């Protein structure tokens, strides 16, 4: 019985350390790349809504997202998922929406604009 308790404590410690390391890694990426200052607030909100709620991200904000870069985009989404306010969000769904948003923005930015 004591070994079961010790095992349980070790598993909890391992999982906690993994979560803390992931948080620290995302924070380090965000800090080193100045991720939080590279998009305007309106575009941050637009991107957030397209990933965490219901909404679309349009051309101007897609441009800002692509300039932000995939590393920053991924780190910011992962850090947001670590916030207790988003504990009810399904991480698999959010990551899929994040990738979809990124890919849609790349396609939008890479496609030639219609001629006038």
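Odds and ends about this structure:
- Candidate set from the stretch 80-103 (those that are buried (at least 19 other Cβ atoms within 10 Å of the Cβ) and touching a residue at least 40 places away in the same chain (Cβ under 8 Å)); member that is nearest to the chain's Cα centre (by Cα): 98
- Considering the stretch 64-79, and only residues there that are surrounded by 18 or more Cβ atoms within 10 Å (Cβ to Cβ) and in contact (Cβ under 8 Å) with a residue 40 or more places away in the chain, the residue that is farthest from the chain's Cα centre (by Cα) turns out to be 65.
- Complete set of residues in the stretch 30-47 that are in contact (Cβ under 8 Å) with a residue 12 or more places away in the chain, within 17 Å of residue 58 (Cα to Cα) and part of a helix (DSSP H, G or I): 42, 43, 46, 47
- Filtered by the rule that a residue be surrounded by 15 or more Cβ atoms within 10 Å (Cβ to Cβ) and over 11 Å from residue 59 (Cα atoms), the stretch 104-113 gives no residues.
- Answer from 95, 109 - the residue that is modelled with pLDDT under 90 and in a helix (DSSP H, G or I): 109
- Boolean, residue 4 is surrounded by fewer than 10 Cβ atoms within 10 Å (Cβ to Cβ), at pLDDT below 95, out of contact with any strand residue (DSSP E or B) (no Cβ under 9 Å at 6 or more places or on another chain) and in a helix (DSSP H, G or I): yes
Rundown of residues vs (1) under 17 Å from residue 105 (Cα atoms); (2) modelled with pLDDT of 95 or more; (3) in contact with a helix residue (DSSP H, G or I) (Cβ under 8 Å, 6 or more places away or on another chain); (4) surrounded by 11 or more Cβ atoms within 10 Å (Cβ to Cβ), yes/no style:
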residue	(1), (2), (3), (4)
13	no, no, no, no
20	no, no, no, yes
24	no, no, no, no
33	no, no, yes, yes
36	no, no, yes, yes
39	yes, no, yes, yes
54	yes, no, no, no
58	yes, no, yes, yes
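The values are calculated or read from the model by the stated rules, or taken from the named source; none is laboratory data. The model shown is predicted, which means the values in this text are computed figures rather than measured ones. Quick reminder, even Gly has a Cβ in these numbers, built from the backbone with ideal geometry, and neighbours come from all protein chains shown.
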